[in-house]
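The values are calculated or read from the model by the stated rules, or taken from the named source; none is laboratory data. Everything quoted here is computed from the prediction, not taken from an experiment. Reconstructed Cβ throughout: ideal geometry from the backbone, glycine too, with neighbour counts over all protein chains shown.
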Amino acid sequence: MSESLPVATIRTQVTVPLRFPDGYATTARLFTFDGLVDGREHLAFALGEQNSGTVPLVRPHSECLTGDVFGSQRCDCGPQLREAVQRIAEVGGYLLYLRQEGRGIGLYAKLDAYALQDAGLDTFEANVALGHAEDERDYTVAAQMLAVLGVGPIAVLSNNPEKTEQLSRLGVTVTEQVPTGVFLSPANADYLAAKASRAARTADLPFVR
């Protein structure tokens, strides 16, 4: 049974040209919202052609300041964001940029968790050692955003089955889960291995895009 959602509204929409450090460029229609349940400033990026006869590709992407903005090699967030924008723009859909830093525990706590990882814990153990759940993300706002945008059914671009499961419980019809690339580097190998073993993620670690 799906959960009932509080109604959100679109606050602003504006066209923004995007350009990434590798030269890739596209244009997005950005949406901001009122009435999201957590009160945070989440964004939806409409990319590519929005065709009524096709299922849009949707990437719920959790904010990662260190990876998305500064190119940190300790995670694969930045490369996944870059990949998602291009893949969605090619077929039409939405990038939902969710302000859920550190799997929901916040930026400072994420950096505290990094320190514990340097001492030998994996990424999930570090969150628990700090008094948090392994993953505190909630995708209710993503479902709200899709509802007010009139989007659905969708294909979810992610290696994380929890995103699809939560969205389905929240009433979003998901036709398929489309895997992302695995962006392996010497600095994030342990992180990716932990995700593969602890969170039922894609485990094809030798594959690097």
Check your understanding: Condition test on residue 49, is it touching a Lys or Arg at 6+ places or on another chain (Cβ under 7 Å), in a loop (DSSP other than H, G, I, E, B), assigned by TED's automatic domain parsing to the domain that holds residue 145 and not basic (Lys, Arg)?
Key -> no
Exercise for review: Determine which member of the set 111, 107, 121 is in contact with an Asp or Glu (Cβ under 6 Å, 6 or more places away or on another chain) and of a type outside the set (Asp, Glu).
Suggested key: 107
Check your understanding: From the residues in the range 22-39 that are without any contact (Cβ under 8 Å) to a residue 12 or more places away in the chain and either part of a loop (DSSP other than H, G, I, E, B) or not assigned by TED's automatic domain parsing to the domain that holds residue 82 (or both), which one is farthest from residue 71 (Cα to Cα)?
Key -> 39
Check your understanding: When residue 120 is evaluated against the numbered criteria (1) assigned to a loop (DSSP other than H, G, I, E, B); (2) of a type in the set (Gly, Ala, Ser); (3) closer than 30 Å to residue 57 by Cα, which criterion, by number, is the only one it fails?
Key -> (3)
**Study point:** Condition check for residue 112: charged (D, E, K, R), closer than 23 Å to residue 178 by Cα, in a helix (DSSP H, G or I) and free of Cβ contacts under 8 Å to residues at least 60 places away in the same chain
**Key:** no
Review point. Looking at residue 45, is it of a type outside the set (Asp, Glu), within 23 Å of residue 179 (Cβ to Cβ), in contact (Cβ under 8 Å) with a residue 24 or more places away in the chain and exposed (fewer than 15 other Cβ atoms within 10 Å of the Cβ)?
Key: no
Review point. Quick one: would you say residue 84 is in contact with a strand residue (DSSP E or B) (Cβ under 9 Å, 6 or more places away or on another chain) and in a helix (DSSP H, G or I)?
Key: yes
Exercise for review: Please give the number of the condition residue 14 fails out of (1) at pLDDT 95 or above; (2) on the phi > 0 side of the Ramachandran plot; (3) over 15 Å from the mean Cα position of the chain (by Cα).
Suggested key: (2)
Review point. Pick from the range 48-92 the residues that are modelled with pLDDT under 95, charged (D, E, K, R) and closer than 20 Å to residue 181 by Cβ: which of them is surrounded by the fewest Cβ atoms within 10 Å (Cβ to Cβ)?
Key: 74
**Study point:** Selection from the range 1-24 of residues that are surrounded by fewer than 11 Cβ atoms within 10 Å (Cβ to Cβ) and of a type in the set (Gly, Ala, Ser)
**Key:** 4, 23
Review point. Scanning for something touching a Leu at 6+ places or on another chain (Cβ under 9 Å), of a type outside the set (Lys, Arg) and over 28 Å from residue 19 (Cα atoms), does the range 89-111 turn up at least one residue?
Key: yes
